[in-house]
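Here is the structure we will look at.
The values are calculated or read from the model by the stated rules, or taken from the named source; none is laboratory data. Bear in mind the structure is a predicted one, so any value in this text is a computation, not a measurement. Positions of Cβ are generated from backbone atoms using ideal geometry, with glycine treated the same way; all protein chains shown enter the neighbour counts. In case anyone asks, the SASA skips ligands and DNA or RNA and just uses the protein heavy atoms, side chains included. Shrake-Rupley method; radii C 1.70, N 1.55, O 1.52, S 1.80 Å.
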Amino acid sequence: MNLARVVENKSFYNYGVITFKTDKKLDIEPGQFLMMKSKDGYNLSKPFSVMDCKDFEFKVLIRNAGDFSKFLIKLKIGEELLFRGPYGSPFSKFIDFNKKYILIGGGCGSAPLMHLKKIYPNIIEDSVFGFSDYRIKSIVDDDNIFVDRIDGMNPVDYILNRNKGKDINIISCGPKGMFIYLKYIIDSYQTAWISMEENMGCGIGMCKGCPVDTVDGVKMVCKDGPLFNIKEVIL
Amino acid sequence: MNLARVVENKSFYNYGVITFKTDKKLDIEPGQFLMMKSKDGYNLSKPFSVMDCKDFEFKVLIRNAGDFSKFLIKLKIGEELLFRGPYGSPFSKFIDFNKKYILIGGGCGSAPLMHLKKIYPNIIEDSVFGFSDYRIKSIVDDDNIFVDRIDGMNPVDYILNRNKGKDINIISCGPKGMFIYLKYIIDSYQTAWISMEENMGCGIGMCKGCPVDTVDGVKMVCKDGPLFNIKEVIL
Amino acid sequence: MNLLETNLFNKKIKNPFIIASGPCGNFEELSEIIDINNLGGITTKTITKEPKIGNKAPRIVNLNDGLLNSIGLENKGIDYFIENEIKRIEDYNTLKIISIGGYNEYDFEYMIEKIDDYDIDFYELNLSCPNVNKGGATLLNDKKLLSKVIERSCNSTDKPIFLKFGYESNLEELVKIGVYNGASGVTLINTLKGMKIDINTGKPILKMKTGGVSGSFIKPMAVHCIYKIREKFPYLPIIGMGGVFNHEDAIELAMAGANLIGVGTAMMMDPEIVNKIIKNTAFYLSSKNKNFEDIVSKSHERTDNYVL
Amino acid sequence: MNLLETNLFNKKIKNPFIIASGPCGNFEELSEIIDINNLGGITTKTITKEPKIGNKAPRIVNLNDGLLNSIGLENKGIDYFIENEIKRIEDYNTLKIISIGGYNEYDFEYMIEKIDDYDIDFYELNLSCPNVNKGGATLLNDKKLLSKVIERSCNSTDKPIFLKFGYESNLEELVKIGVYNGASGVTLINTLKGMKIDINTGKPILKMKTGGVSGSFIKPMAVHCIYKIREKFPYLPIIGMGGVFNHEDAIELAMAGANLIGVGTAMMMDPEIVNKIIKNTAFYLSSKNKNFEDIVSKSHERTDNYVL
Ligand SMILES: Cc1cc2nc3c(=O)[nH]c(=O)nc-3n(C[C@H](O)[C@H](O)[C@H](O)COP(=O)(O)OP(=O)(O)OC[C@H]3O[C@@H](n4cnc5c(N)ncnc54)[C@H](O)[C@@H]3O)c2cc1C
Ligand SMILES: Cc1cc2nc3c(=O)[nH]c(=O)nc-3n(C[C@H](O)[C@H](O)[C@H](O)COP(=O)(O)OP(=O)(O)OC[C@H]3O[C@@H](n4cnc5c(N)ncnc54)[C@H](O)[C@@H]3O)c2cc1C
Ligand SMILES: Cc1cc2nc3c(=O)[nH]c(=O)nc-3n(C[C@H](O)[C@H](O)[C@H](O)COP(=O)(O)O)c2cc1C
Ligand SMILES: Cc1cc2nc3c(=O)[nH]c(=O)nc-3n(C[C@H](O)[C@H](O)[C@H](O)COP(=O)(O)O)c2cc1C
Ligand code: FES
Ligand code: FES
């Protein structure tokens, strides 16, 4: 595994944005994730999407979900951890560069979408990044961050409303509940790519730890995803 | 348990002398030990003798024996750990203050003897503290530290030789092998008190984890000791 | 109102936290550190008919987040216990569980008859100590003998009898045998068998070689065993234990199905820890506006909200 | 000279480190990360007669220093394996162990007959997967069926057959049954049964509720099982596994009695870790001036220096 050293950590209790520096030149496409673990202990590596990446540095957006993410949020500048990757298919594998996309992020799922927006600004029609804690604005800088309801609507309704009538292609990343809702409301002629999350073991497809039911049978989030067509996935 | 903060750590790979500061005024007699553990994890507390103690500070001499002692040796100033105690009967419970004693320390077993020497200098006839690593002299200050053999003799022979003819009362603390040798060479009219070590669980006599065979049956090092009359113990 | 209060066999129990058998001996030392009367209950270290001097040292090895022990049931025997310890134990105002171990039905009967008139609450038959060769361990391999031990013990007293088992392949069958022969409840789980070898010497560290593994890392196995037995025996009282170090561990065992929660190894690490666990569990329950009994067996609730 | 080299059934094995069945699938992904030919051996993920789609998610829960899984033997079945995977596996220049699982003697026989002419070395019968209800698990409760499975499997091939067991109360008896019916060796240990409950929802985290516990904290149980079987069966080949993350763990299992060392969960944490373990074990041995075979079963040496 590779070593990464914290060069910046902007965080509060619920969320953190951490920038790491490594010795190895990185080539991480939007949509890919890294498997990270602490230097001590015999725990699984855990998957985190990259929010930004350049040369020897990468940035992640962390939600305090349990032991490891808490450990990440508390990291001090200069402290180190281990990572491997990038894994998972990049968004660019599925994207039609002649089309325009709407990005819908829920919580930390916003991270890879922000990365996408930065690298391929021309294909982005609109975006919304929903969070439940307003303090997120103090650590993540984006005009489309919304906290809770927007004009009394949830972020999905809000953005679809705002882009009514357009040829809608969606890329979404967030909690499962959001996808279920999305699947329920979008029309059959609309495309939506969703980035799935599942508890992971190996992160590379060998342990069969991260299944997702699809119309073509069981697939692995880490190897066959994390991006899936919403029509393909049985939510 | 109580919190102690490192105020000084003089150490090299094999040994360390660490001074801790606490919030609670300490009253630790020479020969007693503390049960210490790190703030994280669900491991047993481990016993360490006190080498020096005053008001809110205590000092321990650590040998790198395994995970926890390695952790201790690596502690940085300001870092904290948990402790409880003091436990174990103090030397003063057994000592006849009208007599003079010879102290024989082996490795870290020297720690409580150095404490005794400092608190009751008048009862000490002579002392020897044997170590196997000469660098110990850079962190422990005592004229009677000897590394390996002294004039071709082991420390026990050396000090008994040097005090030949005297009414010899010994207090010794160190590895079991040293006690076996001591028992073998001292005369039946001589007194020797030895401070035993055993893997400990609770440190207070309730778990029956630290037995020592004596002529009166099984006793517990933590509660009935650690000091025993060498004649009483079946080594 | 006391959110922690619970009931078993019409006995009011202050709180579900009891001291597991063994790590705290018979509470003489512990009572100098904490107030025993604040505890839900106490279990004596397993008492045998004859005194046992226990195993040779080393008896204890620390594992990373676990513990390996081979105490070997060191105890002074039932007669010493009655002459010197039972009076002090009677005086504690808490649930008193007497743990006994033996080789056959007569051993158990003999001990129960000696002790039954004292002010104690339950018995716990230690059928699963991995540290004795001829002792409880073999009872589990001889189902006839096991049945006789349980039956005879239950016939010797009107007090509830709990059977203590470990992580056994045939746990369900053993519990069935127990219930069939009159046991009132089960205690799950005893230590698992484990070993640590010092690779510098090439020798097992424990003098007895194999010992019992307890502490934090047996919790997933404990939760599994408790859950499995609760699933099959919806109303059987279960004393759950194995790796409880904080209130979250305790709640997990309770949700799996434990009516009372034993704390063992954690008490060796820090003898005051049980007070912290009691306090934090009370705080947790009050923040959720629940009683302890509300969370017992909660993991078995169906989605249609049927509560066991 | 290669200090790590070892021998089993007159096969030279480069080093004792083999990939345990499961965590690395069938090495397709792994082979892109490390050179499979550097390994002592590989064990396929357990193959069944019919395809199995495995269990619903979540299948994986991280425990502190351990892992809980309920993959449920997801695999595409023996026919797919032979059509699509065996050729690639034949090409690896390493010891090839085929793990198979089934419900009765005919399943095992059927699979062995299909695969026996390929260039593979040993079979491993997975008799102990805690993640299948009707599968291997029940074989252990039905000794007649178990005997038939082992006997019929052994009669179907000239290749050595290893039996994989977990931490079972009657492990010795099971191994005896195995050896009596013709097995050549045993693999110890499979995962233990465990559960984790999310106390916020009150529900077991795994969809299947119970799963198999592996990783660092099952090592003391693995060492115990290996030691116990080595003690009773001085010459029985044992593939030891359970919590091996570094060369010290490996040496501990070897000293307990393991002839080969399986690495499972550690490979999920870091797929390159086995190379580090191999390198560090070689370094350790050379610093002690020993071969790997010198340390196998070392913990059983008597003080009179009698070596097994
Ligand atoms: C492809 C991918 C990309 C991800 N990117 C990010 C990211 O950019 N930022 C971020 O904060 N998180 C991300 N996650 C989720 C992150 O991996 C988990 O939150 C993390 O593993 C939790 O570890 P923990 O030790 O903090 O919490 P745990 O104690 O392990 O888990 C806390 C809770 O989260 C659940 N959980 C555990 N692992 C996962 C998982 N992999 N996915 C969903 N739920 C899980 C557990 O069941 C539990 O309920 C991503 C997950 C995947 C699969
Ligand atoms: C009363 C008493 C006072 C002590 N005072 C000191 C002291 O002042 N300085 C000091 O460095 N050490 C002292 N020790 C020893 C110290 O407790 C152990 O070295 C320590 O527990 C090792 O912990 P570890 O995690 O570093 O090593 P471990 O990995 O736990 O053990 C390393 C090796 O030491 C053995 N060991 C473990 N615990 C003990 C123990 N309690 N006694 C003897 N051997 C053990 C193990 O079997 C193993 O072989 C004292 C022990 C006792 C009983
Ligand atoms: C040092 C020690 C001694 C024990 N002695 C006994 C005993 O005498 N009788 C018994 O039934 N269980 C005994 N146990 C098992 C505990 O009661 C308990 O079942 C087990 O340790 C799991 O709980 P824990 O992880 O909280 O310790 C002992 C455990 C330890 C660690
Ligand atoms: C994700 C996962 C999948 C497994 N699948 C199998 C399997 O298919 N067949 C099998 O015999 N054992 C299987 N095992 C058990 C391992 O081979 C091994 O016996 C066990 O995990 C202990 O070793 P470890 O601690 O090194 O992982 C699996 C273990 C894990 C963690
Ligand atoms: S995490 Fe191992 S297959 Fe996806
Ligand atoms: S350590 Fe528990 S009795 Fe001595």
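Data overview
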| quantity | calculated |
| --- | --- |
| Hits in segment B:1-10 - residues which are in a strand (DSSP E or B) and open to solvent by 20 Å² or more (accessible area, probe 1.4 Å) | B:Asn2, B:Leu3, B:Arg5, B:Val7, B:Glu8, B:Asn9, B:Lys10 |
| Total residues in segment B:139-183, condition out of contact with any strand residue (DSSP E or B) (no Cβ under 6 Å at 6 or more places or on another chain), open to solvent by less than 40 Å² (accessible area, probe 1.4 Å) and more than 23 Å from B:Phe91 (Cα to Cα) | 2 |
| Failed item in (1) modelled with pLDDT of 95 or more; (2) in contact with an Asp or Glu (Cβ under 9 Å, 6 or more places away or on another chain), with A:Met200 passing the rest | (2) |
| Residues of segment D:58-73 satisfying the condition of being more than 7 Å from chain A (Cβ to nearest Cβ) and farther than 21 Å from C:Asp249 by Cβ | D:Ser70, D:Gly72, D:Leu73 |
| Residue in segment C:277-296 that is free of Cβ contacts under 8 Å to residues at least 40 places away in the same chain, within 13 Å of ligand 3 (Cβ to nearest atom) and not in a loop (DSSP other than H, G, I, E, B) present | no |
| Residues located in segment B:210-220, provided they are in contact (Cβ under 8 Å) with a residue 12 or more places away in the chain and either open to solvent by 20 Å² or more (accessible area, probe 1.4 Å) or within 15 Å of ligand 3 (Cβ to nearest atom) (or both) | B:Cys210, B:Pro211, B:Asp213, B:Val215, B:Asp216, B:Met220 |
| Check on C:Lys196, free of Cβ contacts under 8 Å to residues at least 12 places away in the same chain and among the charged types (D, E, K, R) | no |
| Top-ranked residue in segment D:217-233 [being facing chain C (nearest Cβ under 8 Å) and either touching a His at 6+ places or on another chain (Cβ under 8 Å) or at pLDDT below 95 (or both); ranked as surrounded by the most Cβ atoms within 10 Å (Cβ to Cβ)] | D:Phe217 |
| Any hit, segment B:194-208, residues being more than 12 Å from chain C (Cβ to nearest Cβ) and surrounded by 14 or more Cβ atoms within 10 Å (Cβ to Cβ) | yes |
| Any hit, segment B:57-64, residues being within 14 Å of another protein chain (Cβ to nearest Cβ), open to solvent by 10 Å² or more (accessible area, probe 1.4 Å), within 16 Å of ligand 2 (Cβ to nearest atom) and of a type outside the set (A, V, I, L, M, F, W, C) | yes |
| Count - residues of segment D:183-196 that are charged (D, E, K, R) and either more than 7 Å from chain C (Cβ to nearest Cβ) or in a loop (DSSP other than H, G, I, E, B) (or both) | 1 |
| Residue match in segment D:197-214 (condition: open to solvent by 10 Å² or more (accessible area, probe 1.4 Å), among the acidic types (Asp, Glu) and not in a loop (DSSP other than H, G, I, E, B)) | yes |
| Single condition D:Asn64 does not satisfy, out of (1) away from ligand 3 (no atom under 16 Å from the Cβ); (2) open to solvent by 20 Å² or more (accessible area, probe 1.4 Å) | (1) |
| Residue in segment B:80-102 that is of a type in the set (Val, Ile, Thr) and loosely packed, with under 15 Cβ neighbours inside 10 Å present | no |
| Failed criterion for A:Cys207 (all others in (1) within 19 Å of A:Leu116 (Cα to Cα); (2) within 16 Å of ligand 4 (Cβ to nearest atom); (3) of a type outside the set (Gly, Ala, Ser) hold) | (1) |
| Strands (runs of 3 or more DSSP E) completely within segment A:41-88 that count 1 or more residues being more than 16 Å from ligand 4 (Cβ to nearest atom), farther than 16 Å from A:Asp23 by Cα and in contact with a Gly (Cβ under 8 Å, 6 or more places away or on another chain) | A:46-49, A:57-63, A:80-87 |
| Whichever residue in segment C:125-183 is hydroxyl-bearing (Ser, Thr, Tyr) and at pLDDT 90 or above and, among such residues, is most open to solvent (accessible area, probe 1.4 Å) | C:Tyr180 |
| Among (1) under 18 Å from the mean Cα position of the chain (by Cα); (2) within 14 Å of chain C (Cβ to nearest Cβ), the one test that B:Leu182 misses | (2) |
| Identity of the residue in segment C:22-44, open to solvent by 20 Å² or more (accessible area, probe 1.4 Å) and assigned to a loop (DSSP other than H, G, I, E, B), that ends up farthest from the other protein chains (Cβ to nearest Cβ) | C:Asp35 |
| Candidates C:Asp107, C:Asp91, C:Asp119, C:Asp79 - the one that is touching a strand residue (DSSP E or B) at 6+ places or on another chain (Cβ under 9 Å), of a type outside the set (A, V, I, L, M), away from chain D (no Cβ under 14 Å) and surrounded by fewer than 17 Cβ atoms within 10 Å (Cβ to Cβ) | C:Asp119 |
| Filter result for D:Ser153 (over 22 Å from D:Gly22 (Cα atoms), outside any strand (DSSP E or B) and small (Gly, Ala, Ser)) | no |
| Any pair with Cβ under 7 angstrom, 6 or more apart, that starts in segment A:133-161 at a residue that is on the phi > 0 side of the Ramachandran plot and ends at one that is not small (Gly, Ala, Ser) | A:Asp151/A:Tyr158 |
| Residues of segment A:108-133 satisfying the condition of being within 15 Å of the chain's Cα centre (by Cα) and of a type in the set (A, V, I, L, M) | A:Ala111, A:Leu113, A:Met114, A:Leu116, A:Ile119, A:Val128 |
| Residues of segment D:215-265 classified as polar (S, T, N, Q) and part of a loop (DSSP other than H, G, I, E, B), total | 2 |
| Leading residue by the ranking (modelled with the lowest pLDDT) among those in segment B:11-44 that are open to solvent by 70 Å² or more (accessible area, probe 1.4 Å) and either among the small types (Gly, Ala, Ser) or within 15 Å of B:Glu79 (Cβ to Cβ) (or both) | B:Asp40 |
| Exclusive hit being in contact (Cβ under 8 Å) with a residue 60 or more places away in the chain, among the aromatic types (Phe, Trp, Tyr) and away from ligand 3 (no atom under 16 Å from the Cβ), set B:Phe83, B:Phe97 | B:Phe83 |
